[in-house]
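A.B. asks: Got a structure for you, questions after.
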Amino acid sequence: MKVEGKRLIWKDYQKEIAEDKFFYVRSCIRQTFFPGSEWAFLKIMKEVLGKDVYENPAHTTCTGIGYHSDIVPFDTTMTVVARQFALMTEAGYQNLVPSCITSFGLYTEVMETWKHFPEEEKKVREYLKKATGREFEVPKNLAHASDIIYKFRKQIAAKGKYRLINKTTGEPLKVVEHIGCHYAKMFPSKGVGGAEYPYVLTGMVEDWGGEVIDYPERRHCCGFGFRQYLVKANRGFSVACSKKKFESMAPYKPDMIITNCPGCPMFLDRWQYVISEMEGKTYGEDGHGIPVFTYEEVAGLILGFDPWDLGLQLHQVPTEPLLNKIGIPYDPFKKYLGKNGEDIGIPIKPSMLNTQ
Amino acid sequence: MNKKVVIIGGGIAGMEASITLAELGYHATLLEKSHSTGGHVQDWYQLFPNRRPAKEVLTFSELRMEGKVKTINDADIIEIEKNINDFRILLRNGKLVVADAIVVATGFDLFDAHRKEEYGYGIYENVITSADLEKRFSEGKKILTHGGAVPKRIGIIHCVGSRDEKSGNNYCSKVCCVTGVKQAIEIREMLPETEVFCFYMDLRMFGRHFEELYKESQEKWGVNFIRGRLSEANENADGSILLKVEDTLAGKPLKMKVDLLILLAGFVPSGGTKAIGKMLGLPFGDDGFITPKDEHTSTNLTDIQGVFVTGSCTGPKSIQDSIADARAAATQVANYLK
Amino acid sequence: MIDFGYTINTDRQIDYDANDHRMSHFILSREPSYNLCIGCGSCTATCSAGNFTDFNFRKLHLMIKRGEISEVKTKIQKCMFCGKCLLVCPRGVNTRNLILTINCAIDELKL
């Protein structure tokens with residue numbers, strides 16, 4: 001495979017990413033699955049890079065989950081999105097940074113709709129004014145939080161204490177990068193690197209010392225996407241999607257998976273446990289599974305944040321083997337002690353997945 | 001007669017037009033942008049449908065040109081001035097060529113397969129185009145994978161860059177289907193142990209003997225055909241290519257590994273067609289090719305007095321089409337100049 | 001093993017490399033005209049059995065070519081052996097002999 005061939009394509013898909021003064025909107029569900037990620041993003045932006053990131057506690061869900069599950073009609077979604085824009089305008093910001101990839105896709109979709117159908121924008125302005133009395137301006141720049149970390153990846157690497165290198169062999173770690181579907185598949189020009197060979201996570205991995213694996217099912221959806229798995233009977237469909245990806249990446253023996261969506265790491269992490277319990281199959285070395293990370297967690301690890309502060313104890317597939325590979329120190333006794341040193345309880349050991 | 005005709009473009013159509021005009025008694029000057037005449041036919045190995053050597057067709061034309069047609073190679077045209085009675089063509093090297101009539105025969109380029117990102121051309125070494133394959137045939141090279149092994153299975157993909165809104169080309173490039181079938185046979189003859197699969201949407205066997213060639217490919221050579229357009233090509237860990245198509249006749253998605261993938265790249269109007277057409281103020285169709293005066297009755301005329309068109313600059317053509325069209329254009333020029 | 005209340009969906013993609021191609025090779029060696037099919041569907045359209053059952057002759061032997069042979073044994077029993085398909089094939093495939101040969105394959109390959 002010639003990476004130069006991909007670089008030519010990456011050149012075609014570059015996008016404007018704002019430099020500073022960000023209005024941050026959070027994900028509905030991310031903090032439940034990966035509690036340390038949004039905290040890590042804000043800490044990196046404010047303390048490490050010295051940027052201005054503002055969030056308004058009055059901001060809400062973008063209704064992406066509801067919209068994609070056919071529960072929330074598009075008009076309502078557009079109006080809620082408009083309210084988010086209004087909060088941003090009122091605070092004096094013009095650069096919107098969503099934490100969730102579905103939010104990013106939704107905001108892009110709404111802004112594109114308004115571009116092609118200005119009467120929709122006019123309608124929504126009326127709705128919002130009537131409902132809340134607020135007025136808004138469309139953000140000048142919309143970039144996903146992973147785009148921001150991508151933009152500042154070299155600064156993070158420069159300030160970093162660790163690299164994505166196996167300290168025993170000196171070889172770069174083999175990293176599978178997985179992009180959320182809503183990042184680039186709908187609007188390829190709005191994703192760094194486009195949809196076929198996305199670059200946003202690849203760029204991070206390359207600059208942080210790792211090696212990205214290109215495997216055949218790289219583009220396949222992980223199976224999240226709300227509609228199908230909300231009903232338990234359909235969940236097998238979602239699991240089958242993740243399983244297809246695992247089967248395809250396994251021959252390359254990856255050390256880790258990095259993702260930029262709230263749902264994808266949740267599925268890729270948890271489904272490894274489900275597949276092990278349902279079919280007895282595990283991926284990764286010695287049945288340990290392949291550890292899955294969000295890009296904020298990886299950035300945090302590079303910068304030397306404490307793994308338990310990043311929330312890695314809540315990962316179903318244990319991350320310790322990877323921490324050992326990189327040489328990141330951690331205190332195994334503090335793993336299940338909470339913020340104030342209280343015992344948060346130890347999970348039951350799975351029957352198949354090796355969590356030693 | 002001392003009327004001068006300038007033929008712009010030294011491919012097969014330009015060559016044939018120049019010879020016919022010379023034989024009719026005109027001063028024919030052939031301007032060719034590159035170092036040599038012959039155009040794309042120089043790059044082909046054997047021609048469909050009967051697999052005769054491409055060189056024979058070139059030689060047929062070259063021999064008749066000798067001493068009769070003035071050829072200027074490396075001719076980079078920067079300006080064409082239309083006067084009441086003639087045309088003045090200025091070349092980059094300062095040379096001025098005067099003409100009483102111009103025949104535009106600037107032809108086509110092949111679609112740049114890099115643009116089909118999902119097929120991995122330029123990224124995965126075992127993905128090549130039909131033109132790359134012809135070159136290997138012409139140079140007598142063995143058909144091997146990038147790793148130097150004999151491929152156990154080769155895939156051929158039809159409609160690359162043609163009939164494809166995403167590539168910006170909605171038209172059919174006409175000759176790629178029969179080229180794919182021809183190359184499939186050539187591969188099977190060279191590598192009897194190698195399986196060949198052609199992935200197509202439709203098989204356009206429009207010419208004489210083409211359908212019989214298709215039948216022969218199946219009956220005599222065991223070429224396999226799967227109706228389904230390639231959605232994506234990915235690389236396996238061993239460098240082989242994993243294909244995802246729908247087997248539309250089975251109604252199910254299908255995945256298959258091939259050791260070498262060949263993309264049948266279609267036609268696009270050449271850079272020369274675009275440039276010369278613009279210089280002369282000729283109309284282009286939605287497909288980017290030059291539109292002649294009337295698409296049934298006057299396919300070699302344009303709305304500009306003294307300017308004629310022939311060959312693939314007005315749309316994809318086979319070699320047989322181009323030669324016939326070039327001779328037709330010559331008769332139109334003669335009619336104009338008498 | 002835990003039952004979570006659902007099963008993992010099976011992949012319905014035809015995995016050409018993983019499939020069993022013995023039947024296809026068997027038929028090809030006995031009836032070379034098998035290669036000539038272009039999938040036009042004339043045989044299926046005229047088929048007596050195809051009008052009243054889900055017997056689809058075109059699809060049946062296409063699936064055999066792809067190695068999807070799990071249902072061939074049951075499906076092929078619907079053929080009435082009337083020969084209408086043979087009359088109509090534009091490529092001259094000996095369709096009636098294909099049926100006989102498929103049955104031989106099922107017997108000899110013990111499928």
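The values are calculated or read from the model by the stated rules, or taken from the named source; none is laboratory data. Not measured: the values here are computed from a predicted model. Quick reminder, even Gly has a Cβ in these numbers, built from the backbone with ideal geometry, and neighbours come from all protein chains shown.
A.B. asks: So which of B:308, B:284, B:289 ends up being under 25 Å from residue B:116 (Cα atoms), under 24 Å from the mean Cα position of the chain (by Cα) and in contact (Cβ under 8 Å) with a residue 24 or more places away in the chain? Reasoning before the result, please.
C.D. replies: Values: B:308 fails: under 25 Å from residue B:116 (Cα atoms); B:284 fails: in contact (Cβ under 8 Å) with a residue 24 or more places away in the chain.
It is B:289.
A.B. asks: Give just the number: which of (1) crowded, with 16+ Cβ neighbours inside 10 Å; (2) farther than 22 Å from residue B:153 by Cα; (3) within 10 Å of another protein chain (Cβ to nearest Cβ) does residue C:11 not satisfy?
C.D. replies: (1)
A.B. asks: Out of the residues in the stretch A:1-38 meeting the condition of being assigned to a loop (DSSP other than H, G, I, E, B) and of a type in the set (S, T, N, Q), tell me which one is farthest from the other protein chains (Cβ to nearest Cβ).
C.D. replies: Of the stretch A:1-38, the ones assigned to a loop (DSSP other than H, G, I, E, B) are A:1-2, A:13-21, A:26-29, A:34.
So of that shortlist, the ones also of a type in the set (S, T, N, Q) come out as A:14, A:27.
Numbers: A:14: 15, A:27: 25 Å.
The qualifying residue farthest from the other protein chains (Cβ to nearest Cβ) is A:27.
A.B. asks: So, one more: With respect to residue A:299, determine if the residue is on the phi < 0 side of the Ramachandran plot, of a type in the set (A, V, I, L, M, F, W, C) and surrounded by fewer than 23 Cβ atoms within 10 Å (Cβ to Cβ). Working first, answer last.
C.D. replies: Values: on the phi < 0 side of the Ramachandran plot: yes; of a type in the set (A, V, I, L, M, F, W, C): yes; surrounded by fewer than 23 Cβ atoms within 10 Å (Cβ to Cβ): no.
Here the answer is no, as residue A:299 does not meet what is asked.
A.B. asks: Next question. Check the stretch B:182-196 and report whether any residue there is within 17 Å of residue C:91 (Cα to Cα), touching a Lys or Arg at 6+ places or on another chain (Cβ under 8 Å), modelled with pLDDT of 95 or more and surrounded by fewer than 16 Cβ atoms within 10 Å (Cβ to Cβ). Please lay out each step first, then the result.
C.D. replies: In the first step, residues of the stretch B:182-196 are kept if they are within 17 Å of residue C:91 (Cα to Cα); the result is none.
No, every residue in the stretch B:182-196 fails to be within 17 Å of residue C:91 (Cα to Cα), touching a Lys or Arg at 6+ places or on another chain (Cβ under 8 Å), modelled with pLDDT of 95 or more and surrounded by fewer than 16 Cβ atoms within 10 Å (Cβ to Cβ).
A.B. asks: Also, quick follow-up: Limited to the stretch A:63-99, what total is found for residues that are among the aromatic types (Phe, Trp, Tyr), touching a Ser or Thr at 6+ places or on another chain (Cβ under 9 Å) and closer than 24 Å to residue A:31 by Cα?
C.D. replies: As a first pass, look at the stretch A:63-99 and keep what is among the aromatic types (Phe, Trp, Tyr): A:67, A:74, A:85, A:93.
Remaining after also requiring touching a Ser or Thr at 6+ places or on another chain (Cβ under 9 Å): A:67, A:74.
Remaining after also requiring closer than 24 Å to residue A:31 by Cα: A:67.
Qualifying residue count, the stretch A:63-99: 1.
A.B. asks: Return the residues of the stretch A:228-268 that are touching a helix residue (DSSP H, G or I) at 6+ places or on another chain (Cβ under 9 Å), assigned to a helix (DSSP H, G or I) and in contact (Cβ under 8 Å) with a residue 60 or more places away in the chain; say none if nothing qualifies.
C.D. replies: A:245, A:263, A:264, A:265, A:266, A:268
A.B. asks: Which residues, taken from the stretch A:174-193, are surrounded by 20 or more Cβ atoms within 10 Å (Cβ to Cβ), not acidic (Asp, Glu) and not in a helix (DSSP H, G or I)? It would help to see each step written out before you state the result.
C.D. replies: If we filter the stretch A:174-193 for residues that are surrounded by 20 or more Cβ atoms within 10 Å (Cβ to Cβ), which is where we start, we get A:175-184, A:190-193.
From what is left, the residues that are not acidic (Asp, Glu) are A:175-176, A:178-184, A:190-193.
Selection gives A:175, A:176, A:178, A:179, A:180, A:191, A:192, A:193.
A.B. asks: While we're here: Would a scan of the stretch B:209-224 turn up a residue that is in a loop (DSSP other than H, G, I, E, B), crowded, with 16+ Cβ neighbours inside 10 Å and more than 14 Å from chain A (Cβ to nearest Cβ)?
C.D. replies: yes
A.B. asks: I'm trying to understand the selection: among the residues of the stretch C:64-90, which are assigned to a loop (DSSP other than H, G, I, E, B) and buried (at least 17 other Cβ atoms within 10 Å of the Cβ)?
C.D. replies: Residues of the stretch C:64-90 that are assigned to a loop (DSSP other than H, G, I, E, B), as a first pass: C:67-71, C:79-83, C:89-90.
Scanning the stretch C:64-90 gives C:67, C:68, C:69, C:79, C:89.
A.B. asks: Quickly run through the stretch B:122-141 and pick out the residues that are without any contact (Cβ under 8 Å) to a residue 24 or more places away in the chain and among the basic types (Lys, Arg).
C.D. replies: Answer for the stretch B:122-141, where residues must be without any contact (Cβ under 8 Å) to a residue 24 or more places away in the chain and among the basic types (Lys, Arg): B:136, B:141.
A.B. asks: Looking only at helices (runs of 4 or more DSSP H) that fall completely inside the stretch A:81-158, which ones have 1 or more residues that are surrounded by fewer than 20 Cβ atoms within 10 Å (Cβ to Cβ) and hydroxyl-bearing (Ser, Thr, Tyr)?
C.D. replies: Numbers: elements: A:101-116, A:118-132, A:145-151.
In the stretch A:81-158, A:101-116, A:118-132 are the helices (runs of 4 or more DSSP H) which contain 1 or more residues that are surrounded by fewer than 20 Cβ atoms within 10 Å (Cβ to Cβ) and hydroxyl-bearing (Ser, Thr, Tyr).
A.B. asks: Listed residues A:329, A:307; which is touching a helix residue (DSSP H, G or I) at 6+ places or on another chain (Cβ under 7 Å), over 14 Å from residue A:268 (Cβ atoms) and part of a loop (DSSP other than H, G, I, E, B)?
C.D. replies: On the way: A:329 fails: touching a helix residue (DSSP H, G or I) at 6+ places or on another chain (Cβ under 7 Å).
Among A:329, A:307, only A:307 is touching a helix residue (DSSP H, G or I) at 6+ places or on another chain (Cβ under 7 Å), over 14 Å from residue A:268 (Cβ atoms) and part of a loop (DSSP other than H, G, I, E, B).
A.B. asks: Give the residue that is nearest to the chain's Cα centre (by Cα), with candidates limited to residues of the stretch B:231-274 that are within 19 Å of residue A:244 (Cβ to Cβ) and of a type in the set (A, V, I, L, M, F, W, C). Working first, answer last.
C.D. replies: Here is the first cut: in the stretch B:231-274, the residues within 19 Å of residue A:244 (Cβ to Cβ) are B:231-237, B:240-247, B:252-257.
If we keep only those that are of a type in the set (A, V, I, L, M, F, W, C) as well, we get B:233, B:237, B:241-243, B:245, B:254, B:256.
Working: B:233: 25, B:237: 35, B:241: 27, B:242: 28, B:243: 26, B:245: 27, B:254: 31, B:256: 30 Å.
Taking the candidates together, the pick is B:233.
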